[in-house]
Amino acid sequence: MSEKRDLLSIDDLSPEELNKIIDWAISAKQDDGLFEEFMPLTGLTIGSIYEKPSTRTRVSFEVGIDKLGGNPLTLLKGDIQLGKSESIEDTAAVLSRYLGAITYRCFGHEDVEKLAKGSTVTVINALSDKHHPCQAAADMMTIAENFDELAGIKVAWVGDGNNVLHDLMLGAASLGMKMHYAVPKGFEPDEKIVSRAKDIAKETGGTVDMTHDPVEAVKEANVVYTDVFISMGEEHLKDKIKAFEGFQVNEELVSNADSNYIFMHCLPAHRGEEVTNGVIDSKNSVVFDQAENRMWAQMSLLTFLIHPAAWEAFSELH
Ligand code: CP
Ligand code: NVA
């Protein structure tokens with residue numbers, strides 16, 4: 001049997017794999033009826049552990065797993081022994097005896113690494129403080145739906161140097177895009193991740209640049225992306241918000257973007273804080289397509305990681 005594959009960051013996929021995963025997801029979305037017959041997860045239960053709340057990730061995994069013929073099992077941290085009377089490693093070993101794969105939303109990224117290490121089945125990071133690969137896969141799919149050519153697209157990020165930015169920049173670099181992020185001083189993304197994204201970009205012809213000026217980042221951008229200023233687990237850092245003055249994505253800021261720009265946000269959005277209603281509700285906004293695409297992208301990822309032969313067979317047919 002081949003070795004199991006995990007997805008802890010979008011960098012666990014090669015550029016070629018990421019491209020194919022997106023194409024697969026787009027084909028699946030275009031012909032939903034296929035899933036009456038194509039059920040690669042039949043007989044498998046896929047468990048999802050949540051230490052933090054979730055709307056999109058939880059529902060899109062549950063519905064997507066069901067469409068693929070699998071059985072979704074959601075485990076809230078308060079209901080299981082994890083972290084109370086059982087280690088992550090022991091939990092991983094036990095769950096591997098029942099489940100076909102495990103998705104895990106946790107606080108510290110090291111926890112999903114431990115789960116992956118202790119598990120004999122595929123582990124997918126459903127958001128940690130450092131990475132959000134499922135979001136990035138859906139984001140790349142959404143960009144691909146809107147632009148004929150991905151290489152050279154300018155993606156502007158305005159906001160916090162957080163988990164969503166990390167995987168967005170890795171994914172964008174992987175697909176040869178020009179990533180330009182604007183963050184306030186003191187809220188820069190992880191240096192190692194930036195350095196890795198720059199290395200990837202060197203190979204693909206993309207670029208990764210930082211500024212502290214939102215206008216510079218957004219200038220002639222094809223994609224403008226933001227996220228909450230205070231992430232889950234940072235609720236005690238209320239004062240952090242003061243650093244984000246001038247970082248709101250509003251009508252004035254997006255007037256610097258390309259006229260056909262798309263606005264993206266992983267959601268949930270704090271309207272009036274990081275983005276105005278005028279932008280998120282505008283014709284340029286694709287935020288609800290992004291949310292829907294979480295399901296198609298994760299169906300592609302799950303099949304690719306758990307049942308690569310079925311994934312290939314589907315690719316060849318479509
Ligand atoms: N974007 C995202 O991961 O949303 P949820 O927190 O609702 O899952
Ligand atoms: N950066 C946000 C993303 C939520 C989907 C958080 O971690 O809370």
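What follows is calculated from the coordinates using simple rules that are stated; it is not laboratory data. The model shown is predicted, which means the values in this text are computed figures rather than measured ones. All Cβ positions, even for glycine, are placed from backbone atoms using ideal geometry, and neighbour counts span all protein chains on display.
Within the stretch 286-293, is even one residue polar (S, T, N, Q), within 16 Å of ligand 1 (Cβ to nearest atom) and within 14 Å of Thr226 (Cα to Cα)?
Checked against the condition, which is being polar (S, T, N, Q), within 16 Å of ligand 1 (Cβ to nearest atom) and within 14 Å of Thr226 (Cα to Cα), the stretch 286-293 yields at least one hit.
Identify, by number, the condition in (1) outside any strand (DSSP E or B); (2) closer than 20 Å to Glu292 by Cβ; (3) away from ligand 1 (no atom under 13 Å from the Cβ) that Gly43 doesn't meet.
(2)
When both residues are 6+ apart or on different chains and their Cβ atoms are under 6 Å apart, which pairs have a first residue that lies in the stretch 256-282 and is over 19 Å from Lys154 (Cα atoms), and a second that is part of a helix (DSSP H, G or I) and among the polar types (S, T, N, Q)?
Qualifying pairs under 6 Å: Arg271/Asn277.
One line per residue, one yes/no per condition, for (1) small (Gly, Ala, Ser); (2) touching a Leu at 6+ places or on another chain (Cβ under 8 Å); (3) more than 16 Å from ligand 1 (Cβ to nearest atom):
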| site | (1), (2), (3) |
| --- | --- |
| Ala136 | yes, yes, no |
| Asn146 | no, no, yes |
| Gly152 | yes, no, yes |
| Val155 | no, yes, yes |
| Asp167 | no, no, no |
| Ala173 | yes, no, yes |
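How many residues does the stretch 253-276 contain that are away from ligand 2 (no atom under 16 Å from the Cβ), out of contact with any Asp or Glu (no Cβ under 8 Å at 6 or more places or on another chain) and closer than 22 Å to His212 by Cβ?
Qualifying residue count for the region: 5.
Can you pull out the residues in the stretch 124-138 that are of a type outside the set (Gly, Ala, Ser) and within 11 Å of ligand 2 (Cβ to nearest atom)?
The answer is Leu127, Asp129, Lys130, His131, His132, Cys134, Gln135.
I'm trying to understand the selection: among the residues of the stretch 46-81, which are part of a loop (DSSP other than H, G, I, E, B) and in contact (Cβ under 8 Å) with a residue 12 or more places away in the chain? Outline the logic, then answer.
The first filter runs over the stretch 46-81 and keeps only residues part of a loop (DSSP other than H, G, I, E, B), leaving 51-55, 68-70, 80-81.
If the condition is that a residue be part of a loop (DSSP other than H, G, I, E, B) and in contact (Cβ under 8 Å) with a residue 12 or more places away in the chain, then Glu51, Lys52, Pro53, Ser54, Thr55, Leu68, Gly69, Gly70, Ile80 are the ones that fit.
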